[in-house]
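What follows is a short report on a single structure.
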Amino acid sequence: MREVVFWLRLQELVEISGLHKKAPFHFMDTSGGYQPACCAFISQQELEDWLAGTRNENTVYDAAELGIRLPDVYASEFFFHEQASNYISTLAYMRMTNDLVALEIENYELLFAAFVILHEYGHWLHFRRCHKSSLDYVIWLNKQLAPVEQQRRVLDMIPDTEPLKEDLVAEHIDVYNAMPQEFSANKYALKHLPAFYAKILRYQRRA
């Protein structure tokens, strides 16, 4: 029997959620290095062909790569790596989940992992509901992201000791979360997180 719930792998959490029946999930081997959670809307080959200017509209690209990509790790490892690789997004998620559910501190990593799973599924839903092709969606997405990513690069260059940095990061998070795709993903995650977390706790009690 597991004594603490954060000793669950992300793959187990997805199975508990039932979302693997609604969207393609891919669990990435981390032996060659950590890869952060993301949602793939376009195949690598189609993206490379488009960037090289060699994309043919008649080519049927393999859709097997599309879907939600998660590292094959435990929830506790996931939180550590995500915080190290993308501190600002992790901070944003922490702010959103505060006071959302009654939470024991030792289960915080578990709640974070649950939120990210729902968030990435929210991205997948947004992509599917937009009725755009992979390429059209990625082009639209990049137009939305470009100015915000530039702002993030500037923030990364500001020392943490700078007194104004905390306020600038908070402003950046608000701008990032206001983008349509992020607003949609967060809305879905926040709506379903309490029920998903309760489901995980019931699963743990039965284990």
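Looking at Arg95, Arg9, can you tell me which residue is basic (Lys, Arg), farther than 21 Å from Ile173 by Cα and either in contact with a strand residue (DSSP E or B) (Cβ under 9 Å, 6 or more places away or on another chain) or in contact (Cβ under 8 Å) with a residue 60 or more places away in the chain (or both)?
So the residue among Arg95, Arg9 that is basic (Lys, Arg), farther than 21 Å from Ile173 by Cα and either in contact with a strand residue (DSSP E or B) (Cβ under 9 Å, 6 or more places away or on another chain) or in contact (Cβ under 8 Å) with a residue 60 or more places away in the chain (or both) is Arg9.
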Picked from the range 39-82 (must be in contact with a Lys or Arg (Cβ under 8 Å, 6 or more places away or on another chain) and not hydroxyl-bearing (Ser, Thr, Tyr)), the residue farthest from Lys22 (Cα to Cα) is Asp49
Return the only residue of Tyr121, Tyr108 being in contact (Cβ under 8 Å) with a residue 24 or more places away in the chain, more than 30 Å from Asn56 (Cβ to Cβ), in contact with a Lys or Arg (Cβ under 9 Å, 6 or more places away or on another chain) and assigned to a helix (DSSP H, G or I).
Tyr121
Determine which member of the set Asp174, Asp167 is loosely packed, with under 12 Cβ neighbours inside 10 Å, out of contact with any Phe, Trp or Tyr (no Cβ under 9 Å at 6 or more places or on another chain), under 27 Å from Ala114 (Cβ atoms) and among the charged types (D, E, K, R).
Asp174
Name the one entry in Ala92, Ala113 that is closer than 23 Å to Glu149 by Cβ and in a helix (DSSP H, G or I).
Ala92
Looking only at residues in the range 33-51 that are under 24 Å from the mean Cα position of the chain (by Cα) and of a type in the set (A, V, I, L, M), which one is farthest from Lys132 (Cα to Cα)?
Ala37
Checked against (1) exposed (fewer than 13 other Cβ atoms within 10 Å of the Cβ); (2) in contact (Cβ under 8 Å) with a residue 60 or more places away in the chain, Ala185 satisfies every condition except (1)
Subset of the range 58-89, residues charged (D, E, K, R), part of a loop (DSSP other than H, G, I, E, B) and under 20 Å from Leu13 (Cα atoms), comes to Asp72
Please pick out the residue among Arg9, Arg95, Arg55 that is crowded, with 18+ Cβ neighbours inside 10 Å and of a type in the set (Lys, Arg).
Arg9
Looking at Thr54, Thr30, which one is modelled with pLDDT of 90 or more, over 17 Å from the mean Cα position of the chain (by Cα), farther than 29 Å from Arg129 by Cβ and not hydrophobic (A, V, I, L, M, F, W, C)?
Thr54
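The values are calculated or read from the model by the stated rules, or taken from the named source; none is laboratory data. Quick caveat, the model's predicted, so the values are computed rather than measured. Here the Cβ is made from the backbone with ideal geometry for all residues, glycine too, and neighbour counts use every protein chain on show.
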